[in-house]
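Novice: The following block contains the structure, expressed as structure tokens.
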Amino acid sequence: MSGAAASDPAAGAAGEPLRIDVRRGDPTPEELAAVIAVVSESYAQENADAVADDPPMESAWRRSARALRVPLKRGYGWGRFTG
């Protein structure tokens, strides 16, 4: 038996159903249905869990602190006649 398509719960990202090919052996229709059900459910669960977290929100303090100047360089000296 070759080429069995899974049902809608395990549809891929583009919406097309997953394709499961039997490469060896001769499974009964019940065995094939069991494998398709388990693999489809596993794929659907993994697909649902694979969601990226939202990036952390930038605080108002961090946003307003961007315009602050850089710290003074202490190595240059402070007087008019240094150097």
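Novice: Using a Förster radius of 41 Å, what is the FRET efficiency between residue 51 and residue 23 based on their Cβ-Cβ separation? Nearest 0.05, please.
Specialist: The computed FRET efficiency comes out at 0.80.
Novice: Another question, then. May I ask you to order 28-38, 55-65 by the average number of other C-beta atoms within 10 Å around their residues, highest value first?
Specialist: Those peptides, ordered most packed to least, come out 28-38, 55-65.
We did not get these values from a lab; they are worked out from the coordinates using the rules stated. These figures come from a predicted structure and were not determined experimentally. All Cβ positions, even for glycine, are placed from backbone atoms using ideal geometry, and neighbour counts span all protein chains on display.
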